[in-house]
Structures are given as C-alpha cells and as structure tokens.
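Undergrad: Below are the structure tokens for one structure; questions will follow.
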Amino acid sequence: MQTNGKLTVDAEPYEFTFSPDTCALVIIDMQRDFLEPGGFGEMLGNDVSMLRRTIQPNKALLSAWRKAGLQVIHTREGHRPDLADLPPAKKIRGRSATCIGDAGPMGRILVRGEEGHDIIAELYPQAGEPVIDKPGKGAFYSTDLQAILKYRGIKQLIVTGVTTEVCVNTTVREANDRGYDCLIPEDCVGSYFPEFHDWGLKMIKAQKGIFGWVSHSSKILAALS
Ligand code: C5J
C-alpha cells in the first residue's frame, strides 16, 4: 500500500510504514564462513545447511530493492590479518581445536581478505553498496555504519542475514537504541538453532515491538510492487 510516497508492509506487531528513499536494506554477514562448510560456523560445531534456506529469499528481496533504486548495505564479521582487533576472550571461547585466525579450507578463519570472510556469490555487493567490516556481533560497534546512515539520510532499516539471535539481534538492538526503526523479514534471517530463530524473532516483536517489526519478504515485495 502507498500513501504520500510511503509504503506500508503488513507486519507484527502492527504494520510497518516507510519512505523508500530513507530506508536501507541491511544484509548481515551472509559470508562463506557462516554459510559454507569449512568456515567459522562449522568450526563451532554447527550445521551450515540450516542457514542456506535464507539465500533465495534474500536474493529476491535484494534484486527487487536494487531494481527500485533503493539503498543497500552489507556487513561482514571478521578481523584484521594481524588479529590486533580480536579480543583474546573471543579467540579462546569455545575451546575449539581450530580458532579465529587459524588456517581452514577457505583460508584463515574469519579474517578479512580471506575467501571464507567474503560474501556468498549469490548476494555479492555491487559498486556503490557500502560493505561494513565489523569485529563484533553488532554492526554499529567499532564501525562507521552510523556515519553512513546519517550522511545518506537513512532513518529506517530492513535487516536480513545471519544469524537471527546473534548478529541480526545484536544489530537490531543497537539500531533501536540509536533511534532507527527495524523490520525483519523472517524468511531472510536464519539460525543454526530453529528454537533460537523463533525466540529471536519473538523477542524483537514482543511488547508491541520493543525492538522492531517482523514480517515476510513476500509482504515487502508486495509493497514494493
Ligand atoms: C555468529 C553472526 N553467529 N553473524 N555471527 O557468530 O551471527
């Protein structure tokens, strides 16, 4: 539905209204390290196939968003090759045989510039789409995301990517505290743990949308068309 140049998406806990010019699609960490075998996700003992159902809906949403000429931002979790920005606690957490910075089948795990750190081919950034390299789970912590949103006049975010309860949730909470409205299409976010995915979304939309709104990509596509 369109009113005064604003679009309305059917969502929970109630409809989400946005101005296309001031709303960005923020795609969180759709990296080979999380979605393909041999990366960080698998190193932590996860089944990476659990996340792959998010690829197709993200691809369709990204394509429609680009076609409408709207703003896209990508993020990647990872660290400097010298690991100077890797908190020692993060490095040793999990007591894995291999950890961040060690060699893996896609290069050094979760290190910038390595094959595993890159975004999957299906959602590869285009020229002009900022890529935020973040050392933490939230996309605002220790990055220039807030400056980019400010200078581009972005006020609302559609947040997709992986994983629902970790980097997506952390980013949505950070965004909420900075005054941004966030809409999360449930089919475009994923977790290695179905129950965490469900609860991660419930936590966002509970209490009349304490952190934001939850919808489905089909409803955003309907609003865009
Ligand atoms: C994790 C992320 N799960 N992108 N990172 O460690 O959610």
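Undergrad: Tell me, what is the percent relative contact order of segment 43-120, built from C-alpha pairs under 8 Å that lie six or more residues apart?
TA: Relative contact order, segment 43-120: 25 percent.
Undergrad: List every residue whose amide H lies under 5 Å from the amide H of Gly104, counting only residues 5 or more places away in sequence or on a different chain, with H placed 1.01 Å from N in the peptide plane.
TA: Amide H to amide H, under 5 Å and 5 or more residues apart or across chains, Gly104 pairs with Ile109.
Undergrad: Run lengths n ≥ 4 of DSSP H only: what is the helix-derived mean residue ellipticity at 222 nm for the chain, with -39500 (n - 2.57) per run over all residues, to the nearest 500?
TA: Value at 222 nm, helices only: -8000 deg cm²/dmol.
Undergrad: In percent, how large is the relative contact order of the chain, given Cα pairs closer than 8 Å and 6 or more residues apart?
TA: Once divided by the residue count of the chain, the mean separation gives 27 percent.
All of the numbers you see were taken from the coordinates with simple rules; none came from a lab. In this text the structure is predicted, and so the values were computed from the model without any measurement.
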